[in-house]
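Taken together, the values in this text are just the output of simple stated rules run on the coordinates, not laboratory data. Everything quoted here is computed from the prediction, not taken from an experiment. Cβ coordinates were reconstructed from backbone atoms using ideal geometry, including for glycine residues, and neighbour counts include every protein chain displayed.
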């Protein structure tokens with residue numbers, strides 16, 4: 001029987017969502033066009049070619065190498081794209097994802113990515129078109145709620161603050177705003193105004209966010225409610241401690 | 001003149017569960033300003049910059065809708081922060097209850113309302129360097145610690161009240 005990765009223990013909705021994010025089997029909730037994505041990432045003008053940092057690999061005459069033969073380069077590497085980043089921030093108030101699970105999702109389901117996990121933000125560096133593929137996946141699926149998570153290249157402050165009255169995570173650069181029922185992004189991820197307003201879709205309701213979140217919270221699903229998770233977290237902690245302890249050194 | 005050395009004075013903090021829109025904040029502050037017996041008050045929250053402070057867009061204007069001019073008791077003032085909490089000193093417990101009632105009527109979200117020590121009682125070395133030895137103790141802790149005093153950071157809403 002083929003092995004199926006289990007990804008994460010636990011029986012609660014949060015554990016189930018964590019498994020979904022890690023396996024990449026997430027529901028697609030919205031559409032964002034390539035042009036809009038390029039605009040909000042702010043790395044190049046929409047419609048322009050990908051600037052390259054080296055000629056396409058096929059033209060470079062690579063040395064003979066068994067590993068190069070074994071590993072198919074990603075489309076971005078093949079074309080010689082620049083390395084560019086996308087950075088997400090997730091609110092602590094029941095945002096669907098968290099930096100750790102975005103990193104798991106990136107590292108498990110995408111090739112040629114370099115996820116960086118920080119307390120409040122998560123950055124992925126990759127060849128430009130590979131990075132765009134990942135960014136599009138994360139923005140379009142249930143991993144992102146446009147109100148509770150956002151693209152923020154700089155000044156990520158806001159993830160740990162209370163939500164403002166309208167429920168859109170505080171952003172001192174005000175890159176997104178609520179217009180009617182929709183969340184509009186009118187600046188790129190570092191805060192430069194962009195030519196058109198990008199509609200990121202409807203925000204999740206409080207109930208939906210609570211259902212889709214990967215965050216254990218006492219006011220939603222508490223970490224202590226999930227016995228299997230506790231058991232495994234403690235086991236990992238125990239064994240790391242035991243195997244890290246080497247008295248003979 | 002009333003000050004914090006009077007034993008009946010209590011300090012309060014209003015801590016809403018959501019950051020307040022400028023309109024809600026204005027409504028709440030006006031209602032609080034109508035209560036007699038509020039000696040000092042300041043607004044607390046995340047700062048709103050005029051320009052992008054760092055990153056590739058450094059220097060771009062932000063135009064945050066939270067950074068707006070509100071009018072409290074007839075005086076216009078520009079919000080420098082998104083209102084997250086209000087801390088104040090009132091002359092006695094009766095006033096505290098009036099403030100609580102105002103919050104219950106106006107705030108659209110749940111809030112924490114607590115009594116404690118929120119305003120400094122002693123000046124720091126920085127305060128001393130900024131204000132000198134003859135500084136008014138009432139102004140202590142009332143200004144933005146990172147701000148400049150020349151920008152007149154404190155608003156006196158009812159000057160007559162100080163002379164009582």
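The order of the peptides A:175-182, A:76-83 by mean Cβ neighbours within 10 Å, most packed first, is A:76-83, A:175-182. Compute the distance from the alpha-carbon center of region A:11-61 to that of region A:102-167, in whole Å. Each part's Cα centre sits 10 Å from the other's. Put in line by how crowded their Cβ is, counting other Cβ atoms within 10 Å and starting with the fewest, B:9, A:145 read B:9, A:145.
Counting Cβ atoms of other protein chains within 10 Å of each residue's Cβ and taking the mean over peptide B:56-67 gives 5. Going by neighbour counts of Cβ atoms within 10 Å, the residues A:21, A:159 line up, fewest first, as A:159, A:21. Only alpha carbons enter this Debye calculation for the protein assembly as shown, each as an equal point scatterer, and the log10 of I(q)/I(0) it gives at q = 0.07, 0.08, 0.14 Å⁻¹ is -0.46, -0.59, -1.24. Peptide A:156-164 has a mean shielding of 4, counted as Cβ atoms of other protein chains within 10 Å of each residue's Cβ. The shape of chain B can be summarised by an equivalent ellipsoid whose semi-axes, obtained from the alpha carbon gyration tensor, come to 26, 22, 14 Å from longest to shortest. Listed by Cβ neighbour count within 10 Å, with the fewest neighbours leading, A:88, B:113, A:170 appear as B:113, A:170, A:88. Shielding value for B:44-51 is 3, the average number of Cβ atoms from other chains within 10 Å of each residue's Cβ. In this label model, residue B:124 and residue A:31 are separated by 5.4 nm, measuring between points 7 Å along each Cα→Cβ vector.
Normalised by the number of residues in region B:67-161, the average gap of Cα pairs under 8 Å and 6 or more apart makes the relative contact order 20 percent.
Paramagnetic label reach from residue B:110 (point 7 Å along Cα→Cβ; backbone nitrogen cut-off under 20 Å): within region A:196-214, residues A:205-213. Here the contact order of region A:13-221, divided by its residue count and restricted to Cα pairs under 8 Å and six or more residues apart, works out to 26 percent.
Here r is the Cβ-Cβ distance between residue B:51 and residue A:6 and R0 is 41 Å; the resulting FRET efficiency, rounded to 0.05, is 0.25.
Beyond 23 Å, the tail of the calculated P(r) for region B:1-94 holds 35 percent of the Cα pairs.
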